[in-house]
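Structure record follows, encoded as structure tokens.
None of the figures in this text is laboratory data; all of them are computed from the coordinates on show. Predicted model only: the values in this text are computed from it and were never measured. All Cβ positions, glycine included, derive from the backbone under ideal geometry; neighbour counts span all protein chains shown.
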Amino acid sequence: MFEIAHKVQDESRQGEAFTPAMTPDKQFKRLFYIESYGCSMNFSDSEIVASILFDEGFGATRHLQEADLILLNTCSIREKAEQTIRKRLTEFRKLKHQKPSLLIGVLGCMAERLKSKFLEEEKLVDLVVGPDAYRSLPGLIVDVNDGQKGINVLLSREETYADISPVRLNTNGITAFVSIMRGCNNMCSFCVVPFTRGRERSRDPESIIKECRDLFNAGYKEVTLLGQNVDSYYYSQATGTSVPQGGIFHTQPSLSGITLINNDTSKSKVGVPYNSSPEADRCAVTFASLLEMVALISPQLRIRFSTSHPKDITDEVLFTMAKYDNICKYIHLPLQSGSNRVLQLMNRSYTREWYMSKVNRIREVMPVCGISADIIAGFCTETEQDHQETLRLMEYSKYDMSYMFFYSERPGTLAHRRYKDDIPEVTKKRRLQEIVDLQNKLSQQSNKEDLGKTFIVLIEGDSKKSNGDWMGRTSHNKVIVFPKGLNSLEPGSYVEVKVNHCTQATLLGEIV
Ligand code: 5AD
Ligand code: SF4
């Protein structure tokens, strides 16, 4: 098992079939079934798609057999993710044969990457819709019913779906994702995301605050603010722009011709011109100010966010986290590699020393703060020495957990075009296993350090193993399981729990 569960790619949720938390009081003409793969952003997008379909009179079903429309919201990040989708599609053949009016649609990153090729290669697919084109779904469904194939893979510079109230799907009613931006302007050389999700744009803060407040009023106790690189969130109230003025000098990335090299729009990067007007700057909402605005909704609402970028995370963000108890003390800070040479090939824009100074700064500002990372083993040209540097940096950072992958070459990316995928698979897997073994040790150590400590825990629901136990999370994002006892607690309650045992993955405790 070399693909380890990712926080933004929770392995246990891959392919989850969605049904809404509350079925709107409508008589549905037709039913849709949706499965989501990949990162939290995809799961969050499926909730936007559900909202668009509900407005068209579609109801959601968990049962494939009764669906009139089957949607797969897909991921392209690694080859294995795409293989999973291809395999899943073959399983729908029989259904389509039994019910010829059944429509099958592919959404998300794989739709965007393969475009019309998808329709050519997978004859049973009727609809191919990219991440910025979900508003066109109803129109495309009409086209398909008229006998055509439906495709829209246009990427947008503006689309944030800000005005759409997502229909919460398969929710525990306590925690929810809120998308704050879309796309990514970082061109990490291994990554397909800038091509499948387009240019970075930030959603207007008012709609974000409203969504978070509505969630809180509906009983939710935790929101996770989502973006590929939340630290470059930027919204200027004065100009209504969602990127720093003048900070962009790149063109739309495309898999057929990469034109983008220096594309960083963040103010924090040395050497990037930042020509924002003083007026725009004064009124601009940065990620730190957005965090503060969300934190002020209620001290009872917890805030998390993902994903941070080591080159962009600012002191301002750390100080804001430290200032508010309800901003969870946990940062997902992808490392990718501990070798400067590899980091440069990956186009990550930081060095191991820079990364270490960020870890130091986090610990300085917040002595108790969970840190996790993404790590890739076996990137092009990686030597044993480079690999050792990754292991040493993991030890230095003392990650509470990591999401670990071996390098999977993606067509059209910078790495695919520039470097040879030259590390043999057995070496990649052996290095990955060494990374996994070390992380297991670090996680165990980190959990042992919590023994005897008391934490405020937000109860999310019954533990997986027993309905006599609650499962919740600490602020620093550790899962904790404890007996319900006689207390009249419920999901959404905050409770003080003392840790008295631990496994590598879970803390075990008791209510104090
Ligand atoms: N191969 C392996 N892992 C990848 N990731 C992104 N692209 C690739 C790839 N081509 C990992 C990175 C990223 C996470 C979401 O997925 O670690 O942070
Ligand atoms: Fe991919 Fe890098 Fe953007 Fe993350 S920051 S989505 S790894 S390009």
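Table for the structure above
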{"read-out": "Partner aspartates and glutamates for LYS441 [C-alpha distance under 14 Å; skip if fewer than 8 residues away on the same chain]", "value": "GLU395, ASP400, GLU449"}
{"read-out": "Fraction of antiparallel bridges per DSSP, the chain only, in percent to nearest 5", "value": "40"}
{"read-out": "Extension gain (nm, one decimal) between ASP462 and GLU425, 0.36 nm per residue minus Cα-Cα", "value": "9.3 nm"}
{"read-out": "Protection proxy ranking, peptides 411-423, 34-46, 149-161, average beta carbon neighbours within 10 Å, highest first", "value": "34-46, 149-161, 411-423"}
{"read-out": "21 Å Cα-Cα reach of LYS420 towards lysines, excluding residues that sit fewer than 8 places from it in its own chain", "value": "LYS80, LYS428, LYS429"}
{"read-out": "Cys residues of the chain counted as unpaired, since no other Cys beta-carbon is under 4.7 Å", "value": "CYS39, CYS75, CYS109, CYS184, CYS212, CYS283, CYS328, CYS369, CYS380, CYS502"}
{"read-out": "Approximate spin-label separation THR381-ILE209, in nm, with each point projected 7 Å along Cα-to-Cβ", "value": "4.8"}
{"read-out": "Ordering of 361-373, 485-497, 331-343 by packing [mean C-beta count within 10 Å, highest first]", "value": "331-343, 361-373, 485-497"}
{"read-out": "Residue pairs, from the table LYS329/LYS465; LYS329/LYS358; LYS323/LYS398; LYS398/LYS448; LYS87/LYS123, whose Cα atoms sit over 18 Å apart", "value": "LYS329/LYS465; LYS323/LYS398"}
{"read-out": "Over the chain: helical MRE at 222 nm, DSSP H runs n ≥ 4 each giving -39500 (n - 2.57), nearest 500", "value": "-9000 deg cm²/dmol"}
{"read-out": "Order by protection proxy (mean Cβ within 10 Å, highest first), peptides 399-407, 447-455", "value": "399-407, 447-455"}
{"read-out": "Viscosity 0.890 mPa s, 25 °C: Kirkwood-radius Stokes-Einstein D of the chain over Cα pairs, µm²/s", "value": "103"}
{"read-out": "Debye equation applied to the C-alpha atoms of the range 391-512, log10 I(q)/I(0) at 0.09, 0.11, 0.16, 0.19 Å⁻¹", "value": "-0.39, -0.53, -0.80, -0.96"}
{"read-out": "Reach of LYS311 by Cα under 17 Å, taken over aspartates and glutamates that are not fewer than 8 positions away in the same chain", "value": "GLU200, ASP231, ASP264, GLU353, ASP374"}
